[in-house]
Amino acid sequence: MAGPTVRRGMTLGLGALWWWAVARLVLTPDAGGIEGAIAAGGWGLSLLPVHCVPKGRAAGAVGAGRWRQAWRAGRPAEAGRSGGAGEATTASPPRRSGG
C-alpha cells in the first residue's frame with residue numbers, strides 16, 4: 001500500500017510547490033525565473049490527457065488496419081488506383097429496401 005500513499009504525497013507536495021510559485025509571482029516584485037518555470041511547468045502538465053489509455057486496452061478500440069481494409073473492400077480489383085465506383089464497403093449496413 002505504499003504506492004498510493006507515495007503518489008498522494010508527491011501530488012500534494014508538487015501541488016503545494018506550484019501554488020507557492022504562483023503566489024510568489026503574483027505577490028512579490030522580486031520573483032524570478034525559477035518561480036515562473038515552476039508555474040509554467042505545472043500549468044503545462046495540467047494539459048496532459050492523463051485519462052487516456054493505450055489503444056490496445058481501450059474499450060471498443062478499432063484495429064490499426066480497419067480503415068485500410070474497408071477502403072480496399074469498396075473498390076473492385078480491376079479498378080486499381082484509378083478510382084471508380086465500387087461495391088459497398090464492409091462497414092456499410094445492408095439496404096433494407098429493394099432499391
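Out of the residues in the stretch 62-79 that are hydrophobic (A, V, I, L, M, F, W, C) and surrounded by 12 or more Cβ atoms within 10 Å (Cβ to Cβ), state the one that is modelled with the lowest pLDDT.
Step by step, filter the stretch 62-79, then rank; the result is 79.
How do the pairs read when you match residues in the stretch 12-29 that are over 13 Å from residue 43 (Cβ atoms) with residues anywhere that are modelled with pLDDT of 90 or more and not in a helix (DSSP H, G or I), using Cβ under 7 Å and keeping only pairs 6 or more apart or on different chains?
Pairs found: none.
Looking at this structure, is residue 6 part of a helix (DSSP H, G or I) and open to solvent by 70 Å² or more (accessible area, probe 1.4 Å)?
It is true that residue 6 is part of a helix (DSSP H, G or I) and open to solvent by 70 Å² or more (accessible area, probe 1.4 Å).
The values are calculated or read from the model by the stated rules, or taken from the named source; none is laboratory data. Treat the numbers as computed from the prediction; the structure is a model and nothing was measured. As a convention, Cβ positions derive from the backbone with ideal geometry for all residues, glycine included, and neighbour counts pool all protein chains shown. Calculation scope for accessible area: heavy atoms of the full protein, side chains included, ligands and nucleic acids excluded. Shrake-Rupley method; radii C 1.70, N 1.55, O 1.52, S 1.80 Å.
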